[in-house]
Structures are given as C-alpha cells and as structure tokens.
Amino acid sequence: MNTFKNYIGGQQQPPAGDHWLDVFEPATGAAYARLADSGEADLAAAVAAAEDAFPNWSALPAAERAHWLNRLADAVEAQHDALVRAESIDNGKPLALAARVDIPRAAANLRFYAGAATQFASESHAMGLGGKGGAINYTLRQPHGVVGCISPWNLPLYLFTWKIAPALAAGNCVVAKPSEVTPATAALFGQICEDVGLPPGVLNIVHGRGAGIGQALVEHPAIGAISFTGGTATGANIARTAAPMFKKLSLELGGKNPTLIFADCDFDAALDGAVKAAFTNQGEICLCGSRILVEDSLYERFRDAFVEHARALKVGDPLESDVDLGAVVSEPHMNKILAAIQTAGEEGGRILTGGNRKRIDGRCIDGWFIEPTVIEGLGPDCRTNQDEIFGPVVTLAPFSSEDEAVACANGVRYGLAASVWSRDVSRCHRIADKLEAGLIWINCWMLRDLRVPMGGMKQSGAGREGGFEAMRFFTEPKNVCIQYDR
Ligand code: TXE
C-alpha cells in the first residue's frame, strides 16, 4: 500500500503522532493508500521550517525564485505520465482529462508565476502640492512571511499549484494543506521538490483532515495570509476563525452557474459547450454550468439534442482511454449527489435521462459512478436550482425574454461564473454587464487566460486569484511618501 507522508523542512516525514488516514480509489471504492493524519506538532515543525527559510527566500532576486518555479515545472512535465495516473486513481477523473488539463495546467501555473515573479511591479504616484513643491509616493510590496494554502479535491494538483506558485513567486514561504480526499499528486509534488533540491522549508506540505490540521493552520498565529478553495460552508468557517486575527484571506468557493442559450446561437457550438460545461470532471468543477436556460423558441430542439448527447457519454473506468466520465470523488459525495437527485424528484422535476448510480462491470463494480442526469420542470427557486450539487446533474428550463433569463441567472446566492451563447454581439455585452458573476464566457466555456482575475461575487467568495491579483494578495503594500521643494 502507498504511504503519503508530509513534506517538511525539505524531507518526507511521517506524522509525529503516527496517525494515518485511508485514501480511497473512487473507481473501485477500495482503500489504496494511507495518508499522514497530521497534528499540531507537524504544523509547528512546518511553520518553524518556513520561518527559518523565509529570510533567504524573500531576499533572493526575483529571477532566482522564477528559476526554482521553472525547475519545478520542468520536473512536473518530466513526470507527466506518473502524475496523470496518480491523479486519475486518486480522484476518479478520466485519465485523458488529467493528461489534457490537470497536469499540464499544474506545470503552466508554475511557469506563469515564474514569469510573474520577474514582471511584478509596484506603483508610484506623483502629487502636486499647489506651488509648494510636490511629493512622490511609491509602494513597496513585501511578502507576508509564512502563508497557508488550502486546496480541494476536484482539481487536486491544478489548484494546489495555482495557490503555492504565486505565494512563492512573491517571496513567501508556504505551509500547504491539500485535500485529504485526493492527496496523491501533492504528495508526489513534495517528492519532486525534494528531488530538485528546493531550499528546505520554502514549501511545506502537511496532510490530514480539514477539521484537524486544516483548522489548526487557519488558527496558527504565525500564518499571516490564507488562500482557500473549497466549499462555501468551509469558507465561512475559515473567515469566522481568521477575521478576528486580521489575517489576509482569499476565498474561492462554490457556484451554481447558469448557461444561457439564445435562439440565435450557433446551435452545434452551444450544444457542445453546454454538454462540456455540465459534465466535465463529472460536474465537479466550481465553474461547471449546472442550470441551463434556453430561449423558449429553441427549447424543445435543444433539450432533445442535449439529452441525446448526455445519454451518449460513456461513464466508465477512468483508466480506460475512451471514457467521458469517471467516478465521483467519494462515497459520501456520491450519496449527497444521489440525495439531491431524489430531492429534485420530490420537487416535481422530471428526469429526462440518468438519475441513478451506475454499476460498471469488472474491477470497478463497487466504484462510485453516477449517470449523467438531466432534469426539467423545476422553477428557479427550488433547492435543486439553488444548492450546489457538484456532480453530473443539470436542470433545463425555458425563458421567454432576455430580462427573465438574466433575473433567473442572477437569482441564486452564488455568483462565480456564467456562459452566454448568442450571435447578437450587442446582446452579449448587455447581458455580461448585468450578470452577477466573476467570470463570464461568451460563446465559450472554461477558456482561461491566467492573467485575468479569477473568483466570484456574492457567496462564491472574497478576493480574486489569477495574474497579478494573486501576487498582490500575497504581498503587503507599504507606501513611502517623499516630499520635495516645500
Ligand atoms: O470541501 P471542503 P468538501 C464544494 C462542493 C462540495 C462542497 C463540500 O459543493 O460538495 O464544497 O466539499 C479543507 N479549516 N466544493 O466538504 O471541506 C479540506 O481538508 C481549514 C467546491 O469536500 O471545503 C480541504 O483541503 N480547512 C470547490 C479543503 O478545505 C478545512 C471544490 C476543501 O474542503 C476545514 C471542492 C477547516 N475547518 C468542493 N474544513 C470549489 N470551489 O472548487 C475542511 N478544510
């Protein structure tokens, strides 16, 4: 059985208390590894290692920090196949998806922030003082010191690197806690750091339960900033804990994203985009489009084609090359999704396809698979259309006007993402202006430029990641004002 240890002070270390958790393969339902269940002693060691490393790391020229990030990216690329397989086994996602998206994107994150380290600039503002000379304000942007990065299970290495890379680029040392549900690729990344000789203590990875080591990390007084991606309830708990300590917080939380289809869209492109937005990664992406709203004149044609496409998706062993959907991440999560489908039925929803756990013959017979599920006949205010399900479950509903579509799209407590499909350019701009979402895609979905701010409005989070936003988050601005010619 594999053993995933902590990476502290440049070395793989077992948990001080010798407590371990089981790690499961979603496709088989069987435990395949054991994971360090860390406690306060492990956290103390990680924080001490990070504090020791900070003076040298923060004093390095930015180009040298960039060099380390690029070396890590090289190593991720060199171990592409092993990481892809580990991510697929650990998470249940199709191997092909991990190969196409997750692992290349992890390397891209590291490279992007290697570049950002050398391109990050601070501001200068000249002031006139009305004939009494002037003043120059310049802003120093200094790293916080030791920061915490807490990442979720849906895109394990992709989101782990998305957090640690800007933190390190900006000169911080990091204590990172990956999800205990999918720790494999972060554990391999710890080994990569050791192999490339990253200076000890610059990055520390502590594994374990959210309520245990995760909560302790949020409470630790030496950790000045926390970047978190995960569920909205967990984000609220982290905010409650960290706010009285005045920690800097970046929270990227859930979504209940609309896909708006207008009658004048490019039908095939919209259909393909809506199917991908609904079911990629088994619907376990915060940016997935789970509420599909279709202009009434197109509704029946679109619905029938969408259902046909959903039925044609292959659900199966994620390690096989031709599957579209693998397993959902855990048994409790599978049960949560199935309960949400049952609620949809009780609310009067008609299940057009799917709705059940799927049994896959062979090695995956006990795996946690769910059929792609399409539901219609539900109003916008029911639980199915309000709560994040985070699985392969979508609702379809018609709308009769642009105003109705926008009101429905905005009528949830989340505001993370939306996609709009129409050939009318003016309409697209008008709707983008009105939608309450941090990311809006027009005639596309999930097209990401790493320079743009990423994050949500309303209960989808606080703060933004991406580009220089993350560099700004991971630095403390200090203004210096110099007056001359008084
Ligand atoms: O995530 P958690 P869960 C949504 C999705 C899902 C729901 C719950 O709807 O069904 O959230 O998922 C750590 N202090 N998303 O419960 O618990 C935890 O160990 C510090 C959206 O599995 O939020 C893990 O590392 N840390 C999402 C991380 O937080 C704590 C991605 C996320 O886990 C902690 C995943 C605590 N008290 C789920 N409790 C997205 N936005 O992409 C837990 N953690």
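FYI, it's all coordinate maths here, none of it is from the lab. For clarity, every value in this text was computed on a predicted model and none was experimentally measured. Here the Cβ is made from the backbone with ideal geometry for all residues, glycine too, and neighbour counts use every protein chain on show.
A few notes on this one:
- Computed over region 60-147, Kirkwood Rh from alpha-carbon pairs, angstrom: 16.2
- Going from the fewest other Cβ atoms within 10 Å to the most, the residues THR241, THR280, THR185 appear in the order THR241, THR280, THR185.
- For the pair ASP449 and GLN386, label points projected 7 Å from Cα toward Cβ lie 3.7 nm apart.
- Unit charges on C-beta of K, R, D, E only; dipole of region 138-267, Debye: 480
- Segment GLN12..SER122, full-extension length gain: 35.9 nm, with 0.36 nm per residue of separation and the alpha-carbon distance subtracted.
- Candidates per trypsin sites (Lys or Arg not before Pro) in region 382-467, loop by DSSP, up to 16 other Cβ within 10 Å: ARG413, ARG423, ARG448, ARG451
- For region 468-486, the residues whose backbone nitrogen is under 19 Å from a point 7 Å from the Cα of ASN137, taken along Cα to Cβ, are 472-473, 475-486.
- Restricted to Cα atoms, region 245-355 shows a radius of gyration and a Dmax of 16.4, 55 angstrom.
- Contact order for region 44-179, expressed relative to its length and based on alpha carbon pairs under 8 Å spaced 6+ residues apart, stands at 31 percent.
- Region 379-486 - convex hull of the alpha-carbon atoms, volume per residue in Å³: 187
- Distance from the Cα centroid of region 222-251 to that of region 464-478 is 16 Å (rounded to whole angstrom).
- Cα-based Kirkwood hydrodynamic radius, the chain, one decimal, Å: 23.4
- Counting only the Cα atoms, region 1-73 fills a convex hull of 115 Å³ per residue.
- Residues in region 362-398 reached by a label modelled at ARG350 [backbone nitrogen below 14 Å; 7 Å Cα→Cβ]: 374-379, 396-398
- Note on the chain: dipole from Cβ charges, positive end direction compared against SER88, GLY171, LEU260; the farthest Cα belongs to GLY171.
- Charged-residue dipole, Cβ positions (Lys, Arg, Asp, Glu), the chain about Cα centre, Debye nearest 20: 1180
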